[in-house]
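Novice: Next up is a structure, given as C-alpha cells.
Bear in mind these aren't lab numbers, they're just calculated from the coordinates by the rules spelled out. Everything numeric in this text was worked out from a predicted model, so none of it was measured. Cβ placement follows ideal geometry from the backbone for every residue including glycine, while neighbour counts extend to all protein chains displayed.
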Ligand SMILES: C[S@@+](CC[C@H](N)C(=O)[O-])C[C@H]1O[C@@H](n2cnc3c(N)ncnc32)[C@H](O)[C@@H]1O
C-alpha cells in the first residue's frame, strides 16, 4: 500500500516540477500531498470497518411477559424504531408500530387475526420496519390459542412447527429494501441472511438463574444473492430485491 502511495507521489512531483531541482518548497508540497493521501486512506478503511461491525450488548433485567416493557429493550426500541411505517404482527400491549395485530381480541391492536393471515394480507415491500416478537415456543403458541375463549371463536393452532419460518417469510416480503427488522426470542437467528437480512446489532438480556435470555436482533433487508435465490422454492418473495447481492 505504501509503495503505491510512493509511486503516485513521484508521479505527482514529476508533473508539478518537470526538469527542476527539488528544494524546500517542493519537499513541503510533497509532504502535504502525502498527508492528504494518508488521511483519505485512513478514512476509507475506517468506513469499511464500521460498515461490517456487529454491535453486541449484554444487559441484565427482570423478565416480563410484555417484552417491550423490559428496560434495556425499551431503550433499544427508542433508538431503533425510527421514522416511517412500522408493522407488528404479534403486538401484544406495548407496540410502537402503527399497523399492529394480535390474535387476542383483548389487545389494543389495529387487527386481530392469526399472524400468518394478517401478514399475507399486506403488500410486498410496504413497511420501513417490522417488530417480530412471537410466542417463543410451541407451548406458548398453543396456550395463546387456548386462552382465547370467546363466543364464536373457531380458531385452533394446527400445531405446525413451521409457524415461525412461515411468518418470517411473510415478514421478509413486506419489508422495503433497506428496511429494518427487529426480532425477539430465544435465538439470535433473526430474519437470517438467506432471506436477505444483514445483522447490525444483538442485545442479550439475561434474567438470572436458569431462565432463558431474551435475545434481540436488529437487521437490515439488503437483498438476496441470485445463487441463493435460485435454490429457494419461495423465490417470488424476493422479486423486488433481487438486484442486490449479499454473500451467503
Ligand atoms: C411475546 S408476546 C408480544 C408482547 C409485546 N411485544 C409486548 O411487549 O407487549 C406475543 C403475542 O403474540 C400473540 N399471539 C400468539 N399467537 C399468535 C398468533 N398465531 N397470531 C397473532 N398473535 C399471536 C399473543 O397474544 C401475545 O400477545
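Novice: Based on other C-beta atoms within 10 Å, arrange 87, 183 from fewest to most. Show your work: numbers first, answer last.
Specialist: Details: 87 27, 183 24.
Ranked by crowding around the Cβ, least crowded first: 183, 87.
Novice: Further question: Please give the peptides 54-63, 169-178 ranked by average Cβ packing (other Cβ atoms within 10 Å per residue), highest first, as a rough proxy for protection.
Specialist: On the way: 54-63: 12.4, 169-178: 20.2.
Output ranking for 54-63, 169-178: 169-178, 54-63.
Novice: Further, regarding this structure: For residue 207 paired with residue 186, estimate the spin-label separation in nm (one decimal), with each label point 7 Å from Cα along the Cα-to-Cβ line.
Specialist: About 1.1 nm separates the two model spin labels.
Novice: Further, regarding this structure: Could you line up 164, 186, 86 from fewest to most neighbouring Cβ atoms inside 10 Å? Don't skip to the answer; put the middle values down first.
Specialist: Details: 164 18, 186 11, 86 21.
Starting with the residue having the fewest Cβ neighbours, the order is 186, 164, 86.
Novice: Now a separate question. I need two numbers for segment 55-241: Rg to one decimal and Dmax as a whole number, Cα atoms only, in Å.
Specialist: According to the Cα coordinates of segment 55-241, Rg and Dmax are 16.2, 50 Å.
Novice: Testing the spin-label approximation: label points 7 Å from Cα along Cα→Cβ at residue 93 and residue 53. State their distance in nm.
Specialist: Each label point is offset 7 Å from its Cα along the Cβ direction, giving 3.6 nm.
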